[in-house]
Amino acid sequence: MTENSRLSAGDTAPDFTLPDADGNPVSLSDYRGRKVVVYFYPAAGTPGCTKQACDFRDSLAELNGAGLDVVGISPDKPAKLAKFRDTEELTFPLLSDPEKDTLTAWGAFGEKKMYGKTVQGVIRSTFLVDADGKIEVAQYNVRATGHVAKLRRDLSV
């Protein structure tokens, strides 16, 4: 895939195996048989990413109750993810993709507008992957604030 290729509903979700905040490998295939929300964010500990992660944390019981797991992916190293997880008391896996291979495969890294300039970076994106590994929902350029509430409304959770 090129860096600007975007996934759509019905596409097969690109598989990945990435280290979590403790360095343990986590694969998308670990979630087969369950639906999983995979979201990509630019940087652990920044205001927008913290708000979004805490919104997922605060909605996790309802999402899990609806049969949805949550996984966050950023280019941060595991040690930074561990600090972010512990500081914000996050209770879902945060995965590290410093090479940006998974970000790129999912269309979540590339050109974006920031403060009026075109830059290369992480495109804040959220996906719902069904139990068979297919993309059910693909959302690019989502807002950090209010996004989880909108996602819950869209999914009737």
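Figures for the structure shown
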quantity	calculated
For the chain, size of Cβ-based charge dipole, Lys and Arg +1, Asp and Glu -1, in debye	600 debye
Value of relative contact order over the chain, rounded to a whole percent, pairs C-alpha under 8 Å and six or more apart	33 percent
Solvent accessible area, Å² - Arg57, 1.4 Å probe, full protein context	70 Å²
Rounded if a/c under 1.5, otherwise prolate or oblate - segment 18-62, Cα gyration tensor axes	oblate
Surrounding net charge for Leu90, when Lys and Arg each add one and Asp and Glu each subtract one, Cβ distance under 14 Å	-4
Area of Tyr31 that stays accessible when all protein chains are in place (1.4 Å probe, Å², to 10)	40 Å²
Size of charge dipole - segment 65-135 - debye, nearest 20, with Cβ of Lys, Arg +1 and Asp, Glu -1, no other charges	420 debye
Carbon/sulfur fraction of accessible area - the chain, other protein chains in place, 1.4 Å, %	49 percent
Cα gyration tensor, segment 71-111 - rounded (a/c under 1.5), prolate or oblate	prolate
Per-bin percent of Cα-Cα distances, segment 90-157 [5 Å]	4, 13, 19, 25, 23, 11, 5, 1
For the chain, with +1 on Lys and Arg beta carbons and -1 on Asp and Glu, the positive-most of Val119, Ala138, Val37 along the dipole	Val119
Entries in Lys35/Lys83; Lys51/Lys83; Lys35/Lys134; Lys77/Lys100; Lys35/Lys112 that, when Cα-Cα distance is taken, lie over 18 Å	Lys35/Lys83; Lys35/Lys112
log₁₀ of I(q)/I(0) at q = 0.12, 0.15 Å⁻¹ - the chain, Debye sum with one point per alpha carbon	-0.45, -0.74
Dipole magnitude (debye, nearest 20) for segment 30-103, charges at Cβ of Lys, Arg, Asp, Glu	80 debye
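The values are calculated or read from the model by the stated rules, or taken from the named source; none is laboratory data. Fair warning: this is a prediction, and the values are worked out from it, not measured in the lab. Using ideal geometry, Cβ is built from the backbone for each residue, glycine included, and neighbour counts are taken over all protein chains shown. These area figures cover heavy atoms from the full protein model, side chains too; ligands, DNA and RNA do not enter into them. Shrake-Rupley method; radii C 1.70, N 1.55, O 1.52, S 1.80 Å.
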